[in-house]
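Read the figures in this text as sums done on the coordinates, not as results from a lab. Nothing here was measured: the structure is a model prediction, and the numbers come from that model.
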Amino acid sequence: MQNDEFRQAVERHRDMVFRLAYTYMRDAADADDVAQDVFVKLLRHDDAFMSDGHLRNWLVRVTINTCKSLFRRPWRRIESIESYAETLAMPSEEHVDLFTQVMRLSEKYRVPLVLYYWGNYPTDEIARLLRVPPATVRTRLTRARTQLRTYLNEEESWEPHSMATRPNH
């Protein structure tokens, strides 16, 4: 990969890689480490990507694998979600609450939710990235929404605000 291509790829995808890494690690320092490792792997990657979507999917898969390898380390830390949320520039207190509650979900619900709503991946693509059946992804999204409703003490019709911008998949 050429230096300009690499720089552009990092600019376009660093937020997505960090967000996904944070979703797994729940620690900003670990997420930074994962993102750095992922982009070092990209720099060393010799094969050409067919498209930006191919590159993006490769980055997601490498991020997931890197996070999973870090889970095996005995010294892993988890920072306070509330403390980290306070450092983020969020438009409102409701956004902070939503972020905090999403981060409290178990990994199997948290990751598909983040890929779906913030990564704008369709459920079939999430299934391929996570190596689970598409029906499993849809079930996990439904259960995640149900848990969030419970956590946020909202009525049954609650949906994330970004839901209106999501295409139907």
Next item on the list: With a bin width of 5 angstrom, please list the P(r) values of the stretch 17-56 as percents of all Cα-Cα pairs, from the 0 bin to the one holding the largest distance.
Entry: 7, 24, 22, 21, 15, 9, 2
Notebook entry, point to check: Which whole-Hz ³J(HN,Hα) couplings does the stretch 99-113 yield from phi under the Karplus relation 6.51 cos²θ - 1.76 cosθ + 1.60, θ = phi - 60°, glycine and proline marked x?
Noted result: 4, 4, 6, 4, 5, 7, 5, 5, 3, 5, 9, 5, 5, x, 4
